[in-house]
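The values are calculated or read from the model by the stated rules, or taken from the named source; none is laboratory data. Fair warning: this is a prediction, and the values are worked out from it, not measured in the lab. No Cβ is skipped: glycine too gets one built from the backbone with ideal geometry, and neighbour counts run over all protein chains shown.
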Amino acid sequence: MFKIIGINLLAFAAYALLIVHTSTVADRGFSIAVGMGVCIFLHVVLNLVAAIIFLVLGKKEFVKSFFISAAVLAPVGFVTWLILLSIYG
């Protein structure tokens, strides 16, 4: 379970760094607002889809891990998004 959460949080941090480093200073606030919002949404949805797939396959251990990961990632991602937006926006 902790591996899945760790991998998701690392991927989320990589998205944040990619957005910050590839956008210009003038457009950084907009890039973070749109890009991080889309990244948070996609990440949570992909975790939920993976949980549903593992539920269909009957692997309840993975289902629990992916649902918990989605539940952890949504507030952590939202707070990170707010912090980055307040810094660069």
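Side notes on the structure shown:
- Residue pairs whose Cβ atoms lie under 6 Å apart, sitting 6 or more positions apart in sequence or on different chains, and linking a residue in the range 75-88 that is on the phi > 0 side of the Ramachandran plot to a partner that is of a type in the set (Ser, Thr, Tyr) and exposed (fewer than 11 other Cβ atoms within 10 Å of the Cβ), do not occur here.
- Filter result for residue 42 (assigned to a helix (DSSP H, G or I) and touching a residue at least 24 places away in the same chain (Cβ under 8 Å)): no
- Taking the range 14-32 as the range and being aliphatic (A, V, I, L, M) and in contact with a helix residue (DSSP H, G or I) (Cβ under 6 Å, 6 or more places away or on another chain) as the test, the residues that pass are 19, 32.
- Within the range 1-24, the set of residues being under 13 Å from residue 84 (Cα atoms) and β-branched (Val, Ile, Thr) comprises 19, 20.
- Restricting the range 49-85 to residues that are farther than 21 Å from residue 2 by Cβ and surrounded by 17 or more Cβ atoms within 10 Å (Cβ to Cβ), the residue that is modelled with the lowest pLDDT: 84
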